[in-house]
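Peer 1: Right, I'll just put the structure down here and ask away after.
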Amino acid sequence: MDKNIQVTVYCAAYNHEKYIRQALEGFVMQKTNFDFEVLVHDDASTDGTASIIKEFELAYPDIIKPIYQTENQHSKGVDRIYTWWLPITRGKYIAVCEGDDYWTDPLKLQKQYDYMEANPDCSLVAHTADTLHEDTGMFVPYTTKYEFTTPEKQDVSAQALINDHLIFPTASMFYKTEYYVNNEAFIRSIKSFDYVTKILLASTGRVHVLPDKMSVYRKGADGSWSVRILADPEKFMKHTEVAVNNLEQINKYTSYKYDSEIKEAILKRRFEAYYTLADTKTLKKPPYLELYKKLSFKNKVYMYLTKYAPWAASAGRGIYRKIKHKKIKSS
């Protein structure tokens, strides 16, 4: 029987054997009054990821719809959205969850679907989350300076997203499928990042964040971006420049509507990259000098430790997380 699919979930997986089961369990536990499908793209994993996906495919054939690659497509530069996902997408809405993150609320999709249906001016609805630090096993609230405690605070502007693209995690995003159709030429012309989607959706509609914690962002997972890219300074700087180019292209695509915010974000992005690499020589020169002067003594010490005593910086991070974790548990 051909179901009336309302939501399509996009899940990208590669060597996620340790994590993919938890992601898949988060999908199949969803309780909805509509039909949904999960398109799991396994990009030729070399571990047991594909076999776990196959297990769920057999158990939940009406929900789990895998795409198994025999050769890695990411390394070839193939766009999985337009090549593999969108042509078979049946949902009116898209929800996203990478294979190393997971959902925790069985009503997640229903809550987001209901909000979008009741608010046609909303282009994206997200929610709050927790962060799981893989190195310590500790859970903390997903880091953001924003508090979504009232309806007024739950709407997020394009300017706010440009200033801080990490306001909410990828696994919380739920938006209209038409986004990929309406912006196809632009998205195909760049190397798309999650913040591109956030900013473009905010430029055409209202972005809303539900206060419910309904997913977990796994930080430091094996094979994740943070592990692969941050470990290689050259790759990290190339990644930063791609992100900067995306912001420049978004600026042009939106007719420079957010010109000042985007220029400030580009400066901040490059500054954060040089800070991460502890490149004090560059940071002490314009245009980064003023930002460098505003760094606290603690942040400067941490930067030097990262460069000259990484073991001490790592130990400091661990101590800070434990203190933060204890404060959260006691509050």
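Peer 1: Over what distance in Å are the Cα centres of region 48-99 and region 117-173 separated?
Peer 2: 25 Å
Peer 1: Let a ≥ b ≥ c be the square roots of the eigenvalues of the Cα gyration tensor of region 1-149; is it rounded (a/c under 1.5), or, if not, prolate (a/b larger than b/c) or oblate?
Peer 2: oblate
Peer 1: Calculate the spin-label point distance for S157 paired with K293, positioning each point 7 Å from the Cα along the beta-carbon direction, and give it in nanometres.
Peer 2: Reported label-point gap for K293 and S157 is 2.7 nm.
Peer 1: Still on this structure, please answer the following. When the solvent-accessible surface of protein heavy atoms is calculated with a 1.4 angstrom probe, in what order do S255, S157 fall, highest first?
Peer 2: Solvent-accessible surface, decreasing: S255, S157.
Peer 1: While we're on this one: With unit charges on the beta carbon (Lys/Arg positive, Asp/Glu negative), name the residue among I52, H74, L86 whose Cα is farthest towards the positive pole of the charge dipole of region 50-106.
Peer 2: Farthest along the dipole direction, towards plus: L86.
Peer 1: Taking every DSSP beta bridge with both residues inside the chain, roughly what % is antiparallel (nearest 5)?
Peer 2: Here the antiparallel bridges make up roughly 30 percent for the chain.
Peer 1: Report the charge-dipole magnitude of the chain in Debye, nearest 20, computed about the Cα centre from +1 at each Lys and Arg Cβ and -1 at each Asp and Glu Cβ.
Peer 2: Result for the chain is approximately 1680 debye, rounded to the nearest 20.
Peer 1: Could you grab the relative contact order for region 137-200? Cα pairs under 8 Å, six or more apart, rounded to a whole percent.
Peer 2: Reported relative contact order: 39 percent.
Peer 1: With a 1.4 Å probe and all protein chains kept in place, how much accessible area does L267 have, in Å² rounded to the nearest 10?
Peer 2: Its heavy atoms expose roughly 60 Å² to the probe.
Peer 1: Find how much the distance from V242 to E25 grows on full extension, using 0.36 nm per residue of separation minus their present alpha carbon separation; answer in nm with one decimal.
Peer 2: Contour length minus the Cα-Cα distance gives 74.7 nm.
Peer 1: Residue by residue, what Karplus-based ³J(HN,Hα) values in Hz, rounded to whole numbers, does region 33-41 have, using 6.51, -1.76 and 1.60 with θ = phi - 60° and x for Gly and Pro?
Peer 2: 9, 9, 8, 9, 10, 10, 9, 9, 9
Peer 1: Additional query: Using 0.36 nm per residue of separation minus the Cα-Cα distance, give me the extension gain between E55 and E147 in nm, one decimal.
Peer 2: 29.2 nm
Peer 1: Determine the share of the chain's accessible area contributed by carbon and sulfur atoms, expressed in whole percent, with a 1.4 angstrom probe.
Peer 2: 54 percent
Peer 1: Check which residues have an amide H placed less than 5 Å from D212's amide H, if you skip close sequence neighbours.
Peer 2: T128
Peer 1: Looking at this model, which pairs from K235/K284; K111/K213; K145/K268 are more than 19 angstrom apart at the alpha-carbon?
Peer 2: Beyond 19 Å between Cα atoms: K235/K284.
Peer 1: Heavy-atom accessible area of V181 with all protein chains present, probe 1.4 Å, nearest 10 Å²?
Peer 2: 90 Å²
Peer 1: If eta is 0.890 mPa s and T is 25 °C, what Stokes-Einstein diffusion coefficient results for region 131-267, Kirkwood Rh from Cα pairs, in µm²/s?
Peer 2: 150 µm²/s
Peer 1: Let me ask something additional. Could you state the orientation-averaged shadow area of the convex hull built on the Cα atoms of the chain, in nm² to one decimal?
Peer 2: 18.0 nm²
Peer 1: For S203, S189, S215, give me the order by solvent-accessible area with a 1.4 Å probe, most accessible first, ignoring ligands, DNA and RNA.
Peer 2: S189, S203, S215
Peer 1: Residue by residue through region 241-248, which ³J(HN,Hα) values in whole Hz follow from phi under the Karplus form 6.51 cos²θ - 1.76 cosθ + 1.60 (θ = phi - 60°), with glycine and proline marked x?
Peer 2: These are the phi-based 3J(HN,Hα) values: 5, 5, 5, 5, 4, 4, 5, 5 Hz.
Peer 1: Leaving out ligands, DNA and RNA but keeping every protein chain, what accessible area does M214 have, in Å² rounded to the nearest 10, with a 1.4 Å probe?
Peer 2: 0 Å²
Peer 1: Quick one: order Y304, Y288 from most to least accessible surface, probe 1.4 Å.
Peer 2: Y304, Y288
Peer 1: Net charge near K285: determine it from the other residues with C-beta under 14 Å of the C-beta of K285, scoring Lys and Arg +1 and Asp and Glu -1.
Peer 2: That sum, taken over residues with Cβ under 14 Å, equals +2.
The values are calculated or read from the model by the stated rules, or taken from the named source; none is laboratory data. The model shown is predicted, which means the values in this text are computed figures rather than measured ones. Cβ sites come from the backbone with ideal geometry, for glycine too, and all protein chains shown count toward neighbours. These accessible areas exclude ligands, DNA and RNA; they are computed on the full protein's heavy atoms, side chains included. Shrake-Rupley method; radii C 1.70, N 1.55, O 1.52, S 1.80 Å.
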